[in-house]
Structures are given as structure tokens and as C-alpha cells.
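Below is one structure, written out as C-alpha cells, with a few remarks after it.
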Amino acid sequence: MNIARALFLGSIVVAQSGCRPIGGSAHTETAFRGEGYRLVWADEFNREGKPDASNWRYEKGFVRNDEAQWYTEENAWCANGLLVIEGRKASLPNPLYEEGSQDWRKRRKSIDYTASSIHTNGKHAWQYGRFVMRGRIDIGPGLWPAWWTLGTSGRWPANGEIDIMEYYSGKLLANVACLGPDRKAEWYSNTFNTDSLGGAAWASRFHVWRMDWDSSAIELYVDDQLLNRVELDKLVNKDGSGVNPFRQPHYLLLNLAMGGQRGGPMNATRFPNRFEVDYVRVYQKP
């Protein structure tokens, strides 16, 4: 943890330009060939309208973590070579509302915010590889964008979670979680204050997040700077099953959450706001 922080904070982050990269599919195909990787899947978002239905599905409604937003398909679209996930203010009746309910999803009378969450579950999943995403996040108060994975087998957290990019409350995070001995998530996390990266100027540019995951370790990067490294041998579920949720395929999620258990207060949040994604690519070694 200290090594990763020293590497990250002791180096000048080479920020990616706000412009779209020069280079076509040939460069994409051969980007990491010298390291033995081959491109096995990518979405460049070079279309207009809805994300490619052969790649992505949607989460809908109030989903997790007491978050403020209602997930809907309408807040995700492709334009000008980007995937846009937009957070908006809303004033809609909650179709789940039940007076007196103790369920956070049902006790809210109204939907006050909307956003989108898309994922590849049931369409694409991978075990091991190099996963790359170029994106731009809004670090305004109350926002909680993320690019992450979940294992295809088991219930959370026993299926495993990897937060390749996660931001909330002024912090950039790189996390890995399995099942702990108390039946709750056991987190292996590194956290970086976004002010140390350059604050709003840093967030105004596109950056490249990357995961290198193989049978020995998970390594998480931004702009080629190591954020976190966790050995797979540490990540066996602590329930006596002997199951390691990171020796199975995982699927990808891209979402913009707000408020809830980690996002923080929404009183100063600006709307609309966006999480923009230039591309997502998956490389593997034969």
C-alpha cells in the first residue's frame, strides 16, 4: 500500500489529452502485442444513439447502497465517439413506493435523480487479462462514478468485486473485495485525494484506467501509475469454502451513482453532470 502510494504521488501523472486519440483499429489491435496480449473485445462507442445491445445491458430502478439515483436507460447514449452517462435532477413518482416500508427502495415517494448503469453480464465475461478504459469523470460533490467488475458465480461479496475506477467524496479509489470472516466484504483498498492529482484541472481531462489481472495478482493503474496491487492468494473467501472469486470470469459495469452510503450530500451537486467513456478494451494472452 505504501509502495503504491509512493509510486503514484511521487510521480508526475501524465494526463491524457482531452482530445480523442489519433490512431485506428490497427493500433488498437497491436497496442500491447509486445507484451504478449491480443485484443479479444472492445467497445469504441463509435455509433449514435443507444449503446450496442450485443455488449451491454441496463440496471434499472433503485439498486444498491441507498443511492439517490433511479437507474434508467434514457441517461446513457453514444455520441461523437463517446459513451455518455448523465446524472439529472428529476421529479417523478416512485412506482415502488409503499407507505410505512422499511425498504429504502420503497419508502421514497419520489424519484429525485436519474442516471444509468450498464453492464456486460450475460453477454461478455473474462478471466484474466488487461482491461483498459479511457474516460473523464466529474468530481463534483455527491457524485459516485465507477468502472468495476463482478464475478459471474456467487452472491456478493462472495463473487468478488474489483473497482478499477471509483470516485466519491474527493477521493479516487482502487479496490478489490472478497468475502471476509464476518460474512461481509473484506476490502483491499488504496485511496488518493483528487486534490493531490490536480483537482478540477485533472478531472477536466480524459485519463486511462487499467487493470492487469492474472493468476498471481490484480494490479490497478491510472495513466500507467500503479494504484493498488493485490496477490490472488490473499483473496480466497474466508468462509471455509476455499473458493477464490478471482479465479472465475468477471463482467464489467459502468455507472454514475449519486449520494447514498459513499457519494455524500447532494445539496451542492450541479446538474446535469456526466461520466464520459471513450473506449473500453479487453486484451488477453493466448
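Every read-out reported here was derived from the displayed coordinates using simple, explicitly stated rules and does not represent laboratory data. These numbers were taken from a predicted model, which means no experiment stands behind them. Note that we place each Cβ from the backbone using ideal geometry, even for glycine, and neighbour counts take in every protein chain shown.
Could you give me the ³J(HN,Hα) list for the range 89-104, computed from phi with Karplus coefficients 6.51, -1.76, 1.60 and θ = phi - 60°, whole Hz, x at Gly and Pro?
Per residue, the Karplus-derived 3J(HN,Hα) values read 7, 8, 8, 10, x, 7, x, 8, 4, 9, 4, x, 5, 9, 7, 4 Hz.
For a quick check: with amide H placed at 1.01 Å from N, whose amide H comes under 5 Å from Phe62's, ignoring anything fewer than 5 positions away on the same chain?
Correct list: Tyr71.
The list (i) 24.4; (ii) 19.0; (iii) 19.6 gives values of Kirkwood radius over Cα pairs in Å, and only one came from this structure; which label was calculated from it?
(iii)
Tell me which aspartates and glutamates have Cα within less than 13 Å of Lys60's Cα, excluding those fewer than 8 residues away on the same chain?
Straight-line reach from Lys60, under 13 Å: Glu73, Glu74.
For the pairs Lys184/Lys285; Lys106/Lys184; Lys50/Lys234, flag any whose C-alpha to C-alpha distance is greater than 31 Å.
Violating the 31 Å Cα-Cα cut-off are Lys184/Lys285; Lys50/Lys234.
Report the net charge of residues surrounding Lys109, where surrounding means a beta-carbon distance below 13 angstrom and charges are Lys +1, Arg +1, Asp -1, Glu -1.
Overall, the nearby charge balance is +1.
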